[in-house]
Each structure stands twice: as C-alpha cells, then as structure tokens.
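S.K.: Encoded as structure tokens, here's the structure I'll be asking about.
The values are calculated or read from the model by the stated rules, or taken from the named source; none is laboratory data. Quick caveat, the model's predicted, so the values are computed rather than measured. Here the Cβ positions follow ideal geometry from the backbone for every residue, glycine too, while neighbour counts run over all protein chains shown.
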C-alpha cells in the first residue's frame, strides 16, 4: 500500500459537526491504525453515527477533516468507497427487492464474487430469495453484513451491526471479524455494548457528548466501566 | 369460529371501517351531485346520449332505459360499475390479508396451535367478507333512499345495492380460492387483480358487440340488472352460486394442500440481481417503473374517455351552458378545437405528476433511510440522480403520447394522431419546469420539497378556475402552463417554450450542483 504503515488508515483531525445549535461532534481527533479492530464506544446520542456519516462522505464536517487511506473522506469518497464496506445500524432496505438482489446491488457489478456471497449466506443462514419486506430486523441486518463481508474491502465501518442478531449469529459475526483481522483488514466497530467491544476489539475509543473521552488499548479495559456511569455515589 | 370472527373484526376495525365509510360516502356524494348536473329530463337524455358511443359503453357499460329516462337511471349507468370495481378491490385485499398474508407471515401457524378447527382460518375470512358486503348493501339502500334522486324506487335501490354487495362477495370468494393456489400474498394479489382487469376488458368487448360474451365477466353479469329501470334480479343468484362454487373449491384445495404450500408451483424468486439492476439506470427504473406504468395507463384512459365524447360534443354543449362557456371562450373557432385545447391544457398538468415523482424519488430514498446504503458504494451522487431525471424526461414525452393516443382512439379516429401529438408536445417545457422545480428543491431545500406539490396544486386550481371565471392576468402569468400557447385555438409561439426550457434547465443544474455538495439525510 502506498501510504506508510506508520500512518493511520482512518485519520480524524479535530472534527466538529453542528446541526443548527446542536453540537453533535465537538473536536474529535482519532487515528485508527491499519489492521486493528477499533471499538467506537459510547451511549446513544453521543455522536457515533454522525462520525460514521462523516467518514462515509455523506455529510461534511463543520470544522476539521477526516481522511481514509490518506484521502479526504468527503472529496475523494468514490475511490475510498471502492475499498470500503459499510454496515448501517438501522437497516432500511427496498421492500420489493429480494435479499439476494440487495446484496448484489450493494456490492456492485465490478466487485461481485458469488463464491464469497454464498459462503457468508451459509454462515449467517440467510435465505436470499425472500422479499426484504418479509425480513425481520435481524435478517435485514444479515443482508447488509453478507454484502459487506463478501465485498473486497480493506476497511469495514460497522455501526452497531449486531443489534438485531441472536447470540449464535453474534458469535459467528465475531468469528468473521476476527478472521478479517487475521487477513490484515481494518475494522471500525461502533457500539454501545461494552462487553461486545471488549471481546473482540484491539483498541477502544470512548465518545461522549461529541468528544473523545479516551482511547485505550483493550488490555487495559478494566476501568472502561466508569465511562458508562454517572459520577459514582460517595 | 365465533371467537375467530371476533378476532378478525377486531383487527379490521379501522381498515374495513374506512373502506365501508369511503364506499358509502362516495355513493352518497356522487348520487347527491346528480341534481346539480342534470335538472331536466332533456338534459338527462342528452347526457345519456353522449354515453351512447362505443368508447363510453366500453368504459361504463351498456346504455339502457332511454324510453323512461330519469336521474337515477343516468346515475346508475355512469357510476354502478365504479362501485363494483371499488368493492371488488376491497374484498380482494380483505380476504388476502386474512388468508395468504397471515399464512406467509406465520400468523396462521400460531393460531392453529390453539384449539381451533383447521378450516376455521379459511372459513372465517369469507364469513367476515359476507358480513361486510351485507353491511355495505344495507347502508347503500338507506343512502340511495335518503338522497332520493328523481326516479328512485325501493326496488331500484335494492337492486343497485344488492348488485354491489354480491359482486363484492364474488371477489371475496375468488380471492379465497386464489389464496389456496398461490404461495405468496403478492401472488394472490396479482392473480386477483388481473382477474379483475380481465373481467373488465371482457365486459367492455361484450358490451360493445352486445354479445353474451359479457356474461362471462362478473361485472358484465352484474350490470345486466338495469337498476332503476327493469330491476332484473336474475344475475344475483348466478353470482352467488358462482361464489359458492369458488368457496367449495377453496375449501377442497385447502384440505389437500400442506400448510404454507400452494397448488401452483412457485416461481423461483431472484437470488441474484439481474444485470440491469446493477446499472444506475436499471436501478432508477426499478424504483420508478410502477409509477410510470400507473400514470401512463391513467393518462391513456383519461384520453380515451375525453376522446370518446368528441362526436357528441354538439349535443352535449347545447344542453349545458357551463360547458359552452368553458369550451367556446377561446373564440369562434370550431367546437372540437376548443375542446381539444382545453383537454391538453389541463391534462398536461396531470402528465407532470409522474415527472415530479421521479425527480423527487431520490429524496424519498433519503427519507426512507436508504441514502447511506446507496451512497456508501463507489458511485457519485449525480451519477445516481441523473438516471432518475432521464426517466422523468422520458415520462414527460411518454405521458403526452399516451394522452394523445387515448384521445385519438377514444374519438374513433375523428381526431388526427399527428395533430394531437403536436398539441400535446407543446406543453413539454411546462412539464419540465415542474421537474426542474422538484430537482432544485431536492438539492437546495430538501426539507421543503412539498413546495413543488403546493405550486402544482395552485397552478392546477388557477387553470381550472380560469375556465369558469376570469382571474387577474398577473395570477395566470405565474402559471407556466398558461404561458404555453393553446394550440390549435391560439397561434404557436416559440418564445415562451424556449424560456420555460431554459428555466427548467437552470433549476435542474442548480439542484444537481447542490445535491452533489450538501449533507444527505
């Protein structure tokens, strides 16, 4: 790869995003290194999804800049997206498309690999012949997971990807993430569930009210709990 | 069974109540409208005569009772078929909801786990439909008697209302059978609605040829009652008998098939996207095609119906002062020219609706929360949006052509196709402006895209009111459709067309430019 290994794959530099008077993000700075599973942890409404939308070039930061592969997340979104896969938290699909159609559509004609798709369909036990309107929340989530994992991406951006999965599927999801990590991929995993992140992430950032509170390698996670509680009673 | 029926009633308390309310209230509304449309028997006769041409017969059913014409007879001729279609659609959806849809979603399985007979989930919906259709029939009789149109008799109202209820029940029975044959609720709907469409067409051909072919259609059979005239009740028991046979077949098939299965082998659904879907244009078309087809057929049918009265225009206009002022206000030109100009002025706006819908479609994707999925792929935003605008452009031309074709066919070739196409195409720049406004809003004011509908409604109202009473010239100058020269009664001018096209192009360019840059929802 042309960017140096010392350089972060995802670099977020002093990013703020204001919607009118609401400050969704307030000077976020974060560097995610290649081949890490980076947990992005924070309560609901902390700005996780806003940060991800900036990384995807869907919205533009009010201040600061975000880059992936050393390219500007907003301006260079097309070359970035060719090497990136994304899984939304709230999965809305086209009700009259079949799951299989959506998977092909999300991966795109140039990147289609039937073998990989079939592999992940089996793994997640998803029937791709059903119309999306008949899928449950968990099955809709599987559709986007299969599409993401079957695409030849180097970076995966996952926004609360397991919220609709049952425990068995969640376990398979974690296996896939670990396998991807083993292949050298970079995974940006947003979540509000501490235990999930602790189990698979190699590093964790805590975001609260639009600010990064702390970034720690996962082996020091014992004190992560404190970020999820109001100031402790005396 | 009682409990199951109560269970259905509970789930249906809103949907079915709304259906009953809208069918009965439109019956009341349109029936009460007739005294304002026709006040004398001569007017009734004149109206009935305008109906007596092939296209109107094909659309609304056979003409009858000219020798003892009354408002009630004209009303029945012009409206009964529409109520039949409405109640048929209601029954199709109703029965499908409680049979195959429930089964497909696994709800029936839950219920069958309880101590109920295995036939109950099949029988209860048809019983419920029977009750609903009876209620509608009774309310219709009361309604007709309250409005008490000239020529209303109890036996007439009874026949009219019973025909509605029975036709509804026939379609309920049909859907019950089809729900046994097909494995998906969409399949059942498609088959039932296709049956409805084919029944309508068979009846149209049968009525045109005055042959017994029409009896093969439930609609044709039902219209044989000649309500408020001879009140022939013989079609009613035939419809009922057919319904009973359909129900018996449904129960038989229900008995032999497995739960969740059907009789017709399932068409394998797509596991892979067809190649076309993976191109931006194919994707846009997949999302727009139902709109294109629905509005295309609507404009064609509107064209047919407006075209069909061309031959009777003289009689029609002589008997109706309002129509005379509307059509002849363009000057002393021939009646037909004035009429055609008016139709294009108003119907071109209708042709603009699918164009606006296609231009707004990408905003709908945003609002449905699918923009992230679409735009997290390696595609640029304009590349996704442009195909929708291309489809809108094609639609603008296609709608105009279908309207013109409908007019020509409806007029039985009294109008020339080439001329009609030219009269219609003149309005394209105004339609494009609507599309331009929509695109501009999507790019610049995405939260206020409904402005385009408010504008559209105002344009339409101005154009409409203008036909009856003069409006200030500045007001009509705001309406792009009024800037278009009304050929053939006005001379053709290129200038306003060019100006509107340029404006539309600028709006589209501005909208696309901002769409590429702005934050997506």
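S.K.: Taking the condition of being farther than 22 Å from residue A:19 by Cβ and at the interface with chain B (Cβ under 8 Å from one of its Cβ atoms), how many residues in the range A:60-79 meet it?
M.R.: Looking only at that region, the number is 2.
S.K.: Right, here's the next one. Condition check: without any contact (Cβ under 8 Å) to a residue 12 or more places away in the chain and not assigned by TED's automatic domain parsing to the domain that holds residue A:189. Does residue A:116 satisfy that?
M.R.: Spelling it out, it is not the case that residue A:116 is without any contact (Cβ under 8 Å) to a residue 12 or more places away in the chain and not assigned by TED's automatic domain parsing to the domain that holds residue A:189.
S.K.: Test residue A:83 against the stated conditions and say whether it is without any contact (Cβ under 8 Å) to a residue 24 or more places away in the chain and within 14 Å of chain B (Cβ to nearest Cβ).
M.R.: Considered against the rule, which asks whether it is without any contact (Cβ under 8 Å) to a residue 24 or more places away in the chain and within 14 Å of chain B (Cβ to nearest Cβ), residue A:83 comes out as no.
S.K.: With the requirement that a residue be assigned to a strand (DSSP E or B) and either over 20 Å from residue A:189 (Cβ atoms) or more than 14 Å from chain B (Cβ to nearest Cβ) (or both), what does the range A:25-59 give you?
M.R.: Matches in the range A:25-59: A:26, A:27, A:28, A:29, A:30, A:31, A:32, A:37, A:38, A:39, A:40, A:41.
S.K.: Something else about it: Quick one: in the range A:90-107, which of the residues that are assigned to a helix (DSSP H, G or I) and more than 7 Å from chain B (Cβ to nearest Cβ) is farthest from the chain's Cα centre (by Cα)?
M.R.: A:99
S.K.: Only residues in the range B:155-167 that are outside the structural domain of residue B:135 (by TED's automatic domain parsing) count as the first member; pair them with residues that are at pLDDT 95 or above, Cβ under 7 angstrom, at least 6 apart or cross-chain, and list the lot.
M.R.: none
S.K.: Let me ask something else about it. Does residue A:138 meet the test of being assigned to a helix (DSSP H, G or I) and within 12 Å of chain B (Cβ to nearest Cβ)?
M.R.: No.
S.K.: With respect to the numbered conditions (1) surrounded by fewer than 21 Cβ atoms within 10 Å (Cβ to Cβ); (2) over 22 Å from the mean Cα position of the chain (by Cα), which one is the sole condition not fulfilled by residue B:82?
M.R.: (2)
S.K.: What number of residues within the range B:187-217 are over 25 Å from residue B:176 (Cα atoms) and modelled with pLDDT of 90 or more?
M.R.: Result for the range B:187-217: 0.
S.K.: Residues in the range B:427-448: is at least one outside any loop (DSSP other than H, G, I, E, B), at pLDDT below 95 and under 25 Å from the mean Cα position of the chain (by Cα)?
M.R.: The answer is no, given that none of the residues of the range B:427-448 is outside any loop (DSSP other than H, G, I, E, B), at pLDDT below 95 and under 25 Å from the mean Cα position of the chain (by Cα).
S.K.: Which numbered condition trips up residue A:115, out of (1) surrounded by fewer than 17 Cβ atoms within 10 Å (Cβ to Cβ); (2) within 12 Å of another protein chain (Cβ to nearest Cβ); (3) farther than 30 Å from residue A:11 by Cβ?
M.R.: Among (1) surrounded by fewer than 17 Cβ atoms within 10 Å (Cβ to Cβ); (2) within 12 Å of another protein chain (Cβ to nearest Cβ); (3) farther than 30 Å from residue A:11 by Cβ, residue A:115 violates only (2).
S.K.: A further question on this structure: Would you mind listing the helices (runs of 4 or more DSSP H) fully within the range B:204-308 where at least 3 residues are in the same structural domain as residue B:77 (by TED's automatic domain parsing)?
M.R.: B:218-223, B:235-256
S.K.: Here's something else I'd like to know. Does any residue of the range B:268-280 turn out to be in contact (Cβ under 8 Å) with a residue 24 or more places away in the chain, within 14 Å of chain A (Cβ to nearest Cβ) and over 22 Å from residue A:143 (Cβ atoms)?
M.R.: no
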